[in-house]
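A.B. asks: Mind having a look at this structure? Questions to follow.
The values are calculated or read from the model by the stated rules, or taken from the named source; none is laboratory data. Computed from a predicted structure; not experimentally measured. FYI the Cβ positions are ideal-geometry reconstructions off the backbone, even for glycines, and counts take in every protein chain you see.
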Amino acid sequence: MTILAATGLQREARILAGAGIDVIAGGGDHARLEAALDQLAPHAHGIISIGIAGALAPHFRPGHWVVAETVLDGTDRFPTAPGWARRLRAALPEAAGGTLLGTDSMVADAAAKAALHRRSGAIAVDMESHVAARVARRHALPFAVARVISDAADRTLPPAARVGMRPDGGMDLPAVLRSLLANPLQLPALIRTGLEAEQAFRALLRGHRRLGAAMLAAVVDLDPA
């Protein structure tokens, strides 16, 4: 049995890699991620979007888990497989349920996060879940989402944090340094962002260990619809 795991960063992919799981790091390139998932989907038993996300709801802090019931992609709404979501929540009982918003670009500004929350009702946002949802629907595969909050809704990410991801999901350290040289005053905000991201990565590692077989076994007896 194989499931596809859609994530953003290579660091997330290293945490999530394991037997029976093919992990694809999108790196913010939604077209490349969609093509890769489409190519592998005929041989998969399900698709999960898993990794870090930004909070839209104000009560989430870094390290909090979200197991989505629905993913929004513009005006399209993609429900996740209820049985799979129940098993994920059983492994992560502290996880919140709700709607997650997928976007093709990073939502880094606190005011933009607040506006999206008011308009959509979504509690979190990422750049991979809507892509994974589209592929899962096309291939009639079970679909699930489990995401860890990295930046709170009231956080505006500094410019250096917004340019730190390469298209392959790796870290673009030269771009970060160039941004810092252009605006050294953002350094405290960048350090804070890095510390909060570390909280999220640690929570992802712990949660992945707890999920274990639930990520694989959950797709055995589910109706793809």
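A.B. asks: Being touching a helix residue (DSSP H, G or I) at 6+ places or on another chain (Cβ under 7 Å) and crowded, with 21+ Cβ neighbours inside 10 Å is the filter; apply it to the range 1-14 and report the residue that is nearest to VAL131 (Cα to Cα).
C.D. replies: Going through the range 1-14, the residues touching a helix residue (DSSP H, G or I) at 6+ places or on another chain (Cβ under 7 Å) turn out to be 1-7, 11-12.
Next, only the ones that are crowded, with 21+ Cβ neighbours inside 10 Å stay: 3-7, 12.
Values: ILE3: 15, LEU4: 12, ALA5: 12, ALA6: 9, THR7: 10, GLU12: 17 Å.
Per the stated criteria, the residue is ALA6.
A.B. asks: In this structure, is ALA175 at negative phi, modelled with pLDDT under 95 and either part of a helix (DSSP H, G or I) or not charged (D, E, K, R) (or both)? Give the steps one after another, and end with the answer.
C.D. replies: Values: at negative phi: yes; modelled with pLDDT under 95: yes; either part of a helix (DSSP H, G or I) or not charged (D, E, K, R) (or both): yes.
Yes, satisfied.
A.B. asks: Could you say whether any residue in the range 42-49 is surrounded by fewer than 22 Cβ atoms within 10 Å (Cβ to Cβ), assigned to a loop (DSSP other than H, G, I, E, B), at pLDDT 95 or above and over 14 Å from the mean Cα position of the chain (by Cα)?
C.D. replies: The answer is no, given that none of the residues of the range 42-49 is surrounded by fewer than 22 Cβ atoms within 10 Å (Cβ to Cβ), assigned to a loop (DSSP other than H, G, I, E, B), at pLDDT 95 or above and over 14 Å from the mean Cα position of the chain (by Cα).
A.B. asks: Turning to a different aspect of this structure: Would you point out the residue of the range 130-155, among those that are in a loop (DSSP other than H, G, I, E, B) and under 15 Å from GLY194 (Cβ atoms), that is farthest from the chain's Cα centre (by Cα)? Steps first, answer last, please.
C.D. replies: The first filter runs over the range 130-155 and keeps only residues in a loop (DSSP other than H, G, I, E, B), leaving 139-142, 152-155.
From what is left, the residues that are under 15 Å from GLY194 (Cβ atoms) are 152, 155.
Details: ALA152: 14, ARG155: 17 Å.
So the residue we want is ARG155.
A.B. asks: I need the full set of residues from the range 16-32 which are in contact (Cβ under 8 Å) with a residue 60 or more places away in the chain and within 13 Å of the chain's Cα centre (by Cα), in order please.
C.D. replies: Result: LEU16, ALA25, GLY26, GLY27, GLY28, HIS30.
A.B. asks: Looking at (1) at pLDDT below 95; (2) over 22 Å from ARG155 (Cα atoms); (3) surrounded by fewer than 18 Cβ atoms within 10 Å (Cβ to Cβ), which is the one condition that is false for SER105?
C.D. replies: Checking SER105 against (1) at pLDDT below 95; (2) over 22 Å from ARG155 (Cα atoms); (3) surrounded by fewer than 18 Cβ atoms within 10 Å (Cβ to Cβ), the one that fails is (2).
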